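**Student:** Dropping a structure here in structure tokens format, bear with me for questions.
All of the numbers you see were taken from the coordinates with simple rules; none came from a lab. What you see is a predicted model, and the numbers here were worked out from it, not measured in a lab. Note that we place each Cβ from the backbone using ideal geometry, even for glycine, and neighbour counts take in every protein chain shown.
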């Protein structure tokens, strides 16, 4: 699992969820080391970000606690497929169509660019759906420290 740290801003009354503040620059270990995947290229905002995360297990959390956040590897793979797989597949299909239709080089390039643009828009819209985003929300799996 991909792990990161965050700070509890508030805890839900039923203790099943909490609002956590994370530093987006260091949320992902690959991004923090300068080897990011580029997923934030279309709208990355630096600085702290708040998210509503589910709590795994029976953790006693309070405002100000430092917590460990984890994202399942299959969620990372699914997000990568949405972000990169759809545009790549459409690019290959558009290039194939351009080849079969015997389009000129300029027409083929325009067809591929149109395919990339449309597929990037579709991927972005899909990722913005709340039910899609929920599966990519990290869970709070441990308490690292807190305020006394």
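**Student:** Want the number for residue 118 to residue 62: 0.36 nm per residue separation, take away the alpha-carbon distance, what's left?
**Tutor:** Roughly 15.7 nm would be gained on extension.
**Student:** Between residue 76 and residue 19, 0.36 nm times their residue separation minus their Cα-Cα distance comes to what?
**Tutor:** On the way: separation 57, 0.36 × 57 = 20.52 nm, distance 2.11 nm.
Result for the pair: 18.4 nm of gain on full extension.
**Student:** How far apart, in nm, are two points set 7 Å out from the Cα along the Cα-to-Cβ line at residue 127 and at residue 101?
**Tutor:** 2.8
**Student:** R0 = 25 Å: FRET efficiency of residue 88 with residue 49, Cβ-based, nearest 0.05?
**Tutor:** 0.35
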